[in-house]
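Notes follow the structure.
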Amino acid sequence: MNNNIILKRIGAYLIDFIVITLISMILTKMSFINPKYDEYVEVTNKYNEILSDYYEKEIDIDELNEEVNEISYEMNKSGYVYLIGDIVVIILYFGVFNYVYKGQTLGKKLMNLQIISNKDKPLKIFNYFIRCIILNGIIMDIITLIAICFSKSTYYDVYRIGSNINMMFQIIIFLSIMFSVSGRGLHDIIAGTKVINTKVSNEEVVK
């Protein structure tokens, strides 16, 4: 994979990431959708104060990690709407939107990329769902939602396991994209998809 292709892939994902982030932020700031918005802001401010204390050298790295771990439970518990919002927006954007527009999100359209079947068959919406769930950390969001239903100690155990699983998936995806002959990531292999450069006649795989 040449540098131009890699940059196009990164650019497409960054555009899509900005789009879904803006949509999620707008939706989750609406009080009738997110009744715990004020509580989440309060906890987030507390988190920022902890970071500020660290940057001003009022606490060391060990104290920072301890306090951040302590407050992460409160942040996720009060911010569960954000987690649900992320899941819904990601599935709608990378799943439904991709399906309707035949494998092109806004980012891919601008970068001249397109998702197609690896076996030259019409893709079903299921293929896009599988792809976006694996690629975009939805598994981690679901694990976090489950974890906050339990006690704080159980939450930490479940969250730690989930983080390790998510990290493993992301590493495998990265390595498979960068070093496989086809350039297909784990998400493509499982979903039966590949991404082509629409301006390259030989359908060079790029993601």
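The values are calculated or read from the model by the stated rules, or taken from the named source; none is laboratory data. Note that the coordinates shown come from a computational prediction; the quantities given were computed from them, not determined experimentally. Glycine gets a Cβ as well: all are built from the backbone with ideal geometry, and neighbour counts include every protein chain shown. Only protein heavy atoms, including side chains, enter the accessible area calculation; ligands, DNA and RNA are left aside. Shrake-Rupley method; radii C 1.70, N 1.55, O 1.52, S 1.80 Å.
Numbers for the structure displayed
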quantity: Any hit, region 27-47, residues being closer than 24 Å to residue 90 by Cα, crowded, with 17+ Cβ neighbours inside 10 Å and out of contact with any helix residue (DSSP H, G or I) (no Cβ under 6 Å at 6 or more places or on another chain); calculated: yes
quantity: Residue under evaluation residue 29, criteria (1) charged (D, E, K, R); (2) within 30 Å of residue 175 (Cα to Cα); (3) modelled with pLDDT under 85, criterion not met; calculated: (2)
quantity: Which listed residue is open to solvent by 30 Å² or more (accessible area, probe 1.4 Å), at pLDDT 90 or above and under 17 Å from the mean Cα position of the chain (by Cα), from 20, 84; calculated: 84
quantity: Lone unmet requirement of (1) of a type in the set (D, E, K, R); (2) closer than 27 Å to residue 18 by Cβ; (3) touching a helix residue (DSSP H, G or I) at 6+ places or on another chain (Cβ under 9 Å) for residue 102; calculated: (3)
quantity: Condition check for residue 153: of a type in the set (Gly, Ala, Ser) and closer than 30 Å to residue 74 by Cα; calculated: yes
quantity: Region 104-134: number of residues that are farther than 14 Å from residue 12 by Cα and either out of contact with any Gly (no Cβ under 7 Å at 6 or more places or on another chain) or open to solvent by less than 40 Å² (accessible area, probe 1.4 Å) (or both); calculated: 15
quantity: Filter result (assigned to a loop (DSSP other than H, G, I, E, B), open to solvent by less than 80 Å² (accessible area, probe 1.4 Å) and free of Cβ contacts under 8 Å to residues at least 60 places away in the same chain) within region 135-168; calculated: 136, 137, 151
